[in-house]
Structures are given as C-alpha cells and as structure tokens.
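Reviewing the structure listed below.
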C-alpha cells in the first residue's frame with residue numbers, strides 16, 4: 001500500500017513539474033520584441049480604418065506600426081476580450097487565451113497599404129481578405145462595395161463575428177466607433193503580447209512544450225540519481241555496521 005502511494009505521489013510530482021514548467025515557459029515567451037517595427041508614419045491617422053461595432057462591444061484602443069520595407073501600416077484593434085455571452089464558457093475560454101497568448105486581451109489587425117490603396121484583414125473562418133479601394137468603392141473577389149470609405153482614405157470595416165473578425169459589407173446593428181489611434185510602443189507590444197499572436201503562437205507552444213519535456217526529464221533523472229546514490233550510501237553504511 002505504501003509503495004503504491006509513493007508511486008502515485010511520484011507520478012503527480014512529474015505531472016506537476018511538466019505542467020508548471022510548460023505554463024511558465026509559455027507565459028514568458030510573450031516577452032519578446034520579435035516583429036516590432038518602431039517606425040512611425042504621417043499617413044497613420046489619415047488611413048486609419050473606420051470601425052463599426054455592435055453597441056457595448058467597442059474596442060479600447062487602436063495601435064499601429066509602420067513597415068518601411070512593405071509600406072504597410074498595421075492597425076492593431078484592441079478589445080478587453082472575446083465573449084460569447086455564456087458565463088462558464090467565457091471564463092474557460094479566457095483562461096485558455098491567457099495561457100496560449102499570455103493575455104486574454106483580443107488583438108485583431110488590419111493592414112493598409114496607402115501606396116496601392118489596399119486593405120487586408122481576417123474575415124469569418126479566419127480567411128484573409130485583400131481588397132482595393134478607390135474613391136468610395138472597395139473591390140475584392142469580384143465583389144464591389146459602394147460607399148466603403150470616408151474621404152477616400154478611411155475604409156469602413158465592420159465587425160462580423162463575436163471574436164471580432166471583419167468584413168467590408170455593412171452589418172445590421174453596428175455603429176461607427178471613435179477610438180484613439182496611436183503608435184505602438186515597445187511596452188504596448190509586450191503588454192498585449194503582439195509577438196505571440198498569429199503564426200508565432202505555434203512556435204511559442206512548441207518551444208514551451210520542449211522546455212517542459214527537457215525540464216521534466218532532467219528532474220526525473222536527477223531524482224533517480226540522488227535516490228540511487230542515497231541507497232548506495234545506506235548499503236555502504238549497513239556493510240560497515242555489520243563489519244564492525
């Protein structure tokens with residue numbers, strides 16, 4: 001009975017070490033500036049998209065980064081979280097988002113290319129949309145959307161889904177939202193775990209998983225070595241005691 005309890009405790013210890021290491025490594029991977037563009041653009045406010053959301057689901061802030069190589073202005077629209085309206089489901093989902101992204105905050109991006117008048121974002125099903133805008137008309141996938149801009153520069157972007165994916169086509173019940181637009185600072189980039197979102201999440205998870213495995217294996221081998229060493233000393237002491 002005592003042996004079974006010891007094995008159970010040992011197994012729980014191994015699982016605990018793996019889980020704690022995995023969570024800490026995953027959380028720590030959010031602190032990175034990989035992919036951060038410190039450049040600013042005079043066109044950032046001129047081309048900032050005009051967001052339409054449902055009442056009560058307005059974003060908190062819009063941060064932007066400018067890529068000098070591609071001339072893209074990426075606008076990061078920030079919400080406090082993603083909510084389905086189901087309490088228990090939302091709490092669990094919030095925990096999972098915090099685990100994988102390092103923050104439950106929802107950050108969705110919209111790319112605008114002023115030089116060729118192109119806008120890009122994710123729509124329902126996480127499909128990437130590329131649309132061009134000229135005057136007041138937008139076009140994508142042979143679909144023309146009239147009156148889709150303000151002043152020919154601010155593209156009207158509508159929230160389509162509960163998890164804040166977008167569309168250019170007007171959505172019933174949505175209304176324009178006035179949100180502050182400012183450049184992304186290094187602190188903002190780290191705070192909102194921007195480097196962890198998108199494609200980088202897979203790499204972050206795999207690195208945290210590998211770190212947890214290595215740490216757990218080293219812990220098991222170290223514990224086994226110390227245990228065997230202890231047994232060896234006890235046997236040696238027993239021999240010496242008998243010899244005396």
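Please give the contour-minus-distance gain from residue 169 to residue 13: 0.36 nm per residue of separation, less the Cα-Cα distance, rounded to one decimal in nm.
Stretched fully, the residue 169-residue 13 segment lengthens by 50.8 nm.
For 79, 162, what's the fewest-to-most ordering of other Cβ within 10 Å of each Cβ?
With the fewest neighbours first, 79, 162 line up as 162, 79.
Could you list 82, 108, 58 so that the one with the fewest beta carbons within 10 Å of its beta carbon is first and the one with the most is last?
The most exposed by this proxy come first: 58, 82, 108.
Using 1/(1 + (r/R0)^6) with R0 = 22 angstrom and r between the beta carbons of residue 225 and residue 23, what's the FRET efficiency to the nearest 0.05?
Approximately 0.25, to the nearest 0.05.
Place the peptides 131-140, 217-226 in order of packing, highest mean first, counting for every residue the other Cβ atoms within 10 Å and averaging per peptide.
With the highest mean Cβ count within 10 Å placed first, the list reads 131-140, 217-226.
Neighbour counts of other C-beta atoms within 10 Å: give me 148, 4 arranged from fewest to most.
Least crowded to most crowded, the residues run 4, 148.
State the extension gain, in nm to one decimal, for the chain segment bounded by residue 45 and residue 5, taking 0.36 nm per residue of separation less the distance between their alpha-carbons.
My answer for the length gained is 8.0 nm.
Distance from the Cα centre of the range 105-169 to that of the range 65-80, in angstrom?
About 14 Å separates the Cα centre of the range 105-169 from the one of the range 65-80.
Extending each Cα 7 Å along its Cβ direction at residue 92 and residue 209, get the distance between those two points in nm, one decimal.
So the label points at residue 92 and residue 209 sit 2.1 nm apart.
What number, in percent, do you get for the relative contact order of the range 50-192 if the mean sequence gap of Cα pairs under 8 Å and at least 6 apart is divided by its residue count?
This gives 29 percent for the range 50-192.
What do the square roots of 5 times the Cα gyration tensor eigenvalues come to for the range 50-192, in whole Å, largest first, as semi-axes of the equivalent ellipsoid?
Semi-axis lengths for the range 50-192 are 26, 19, 13 Å.
Every read-out reported here was derived from the displayed coordinates using simple, explicitly stated rules and does not represent laboratory data. Remember, predicted model here, so these are calculated numbers, not experimental data. Note that each Cβ is placed from the backbone with ideal geometry, even for glycine, and that neighbours are counted across all protein chains shown.
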